[in-house]
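Shown next, in structure tokens, is the structure this report addresses.
The values are calculated or read from the model by the stated rules, or taken from the named source; none is laboratory data. The structure presented is a predicted model; accordingly, all values stated were derived computationally and were not measured. Glycine gets a Cβ as well: all are built from the backbone with ideal geometry, and neighbour counts include every protein chain shown. Heavy atoms of the whole protein, side chains included, go into the accessibility calculation; ligands, DNA and RNA do not. Shrake-Rupley method; radii C 1.70, N 1.55, O 1.52, S 1.80 Å.
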Amino acid sequence: MLPEFLRGTTIHVVTHHGMWNMVTARQEGQFAKRIGKALAKQRIARNLTQEQVAAQLGVEQETISRFERGATLPPLLRLIDLAAIFNVPLDALVRAGSARSIDQAIDLAGALDTLSEEDRVWVLGWFTDMCAKLAAAADSKR
């Protein structure tokens, strides 16, 4: 019997490094929204309209809109095409949709690379302090 919070929830079972994991429809939806935001960000950064991207993919503008809203998770082959249109590695789009700390750390490292050494040191100090304060606040709520 499923716990109450999982009743009525679609569950997909996937393997990861030989381990079985349950991915709920809610988690999949959250991932689709993060991917959608990453797609919209890349498109806007290149001054492209949804119509222009749709034309390059040979799809309707509504398809791009649905991807960007997170209403539809783009299939892998579409993500590969979108990465090529935006001239970014595929993993940049997928990583942007990830909630894993390692993926977020890679993105942070990329952002740090754009800064001077002095600014990187300052940002790292600020980031470390903020993480410690947030962790302490979370501990006090438990």
(request) Go through 128, 24, 63, 114 and list them by solvent-accessible area, largest first, probe radius 1.4 Å. (result) 114, 128, 63, 24
(message) Leaving out ligands and nucleic acids, and using a 1.4 Å probe, what accessible area per residue does the range 21-119 come to in Å²?
(response) 61
(message) Can you give me the long-range amide H partners of residue 24? Hydrogens built in the peptide plane at 1.01 Å from N, cutoff under 5 Å, separation of 5 or more residues or another chain.
(response) 12
(request) Assuming R0 = 25 Å, can you tell me the calculated FRET efficiency for the pair residue 30 and residue 138, based on Cβ-Cβ distance, to the nearest 0.05? (result) 0.80
(request) Could you pull out every one of the lysines with an alpha carbon less than 19 Å from that of residue 41, ignoring same-chain neighbours closer than 8 positions? (result) 33
(request) Excluding residues fewer than 8 places away in the same chain, name every one of the aspartates and glutamates whose C-alpha is closer than 19 Å to that of residue 141. (result) 129
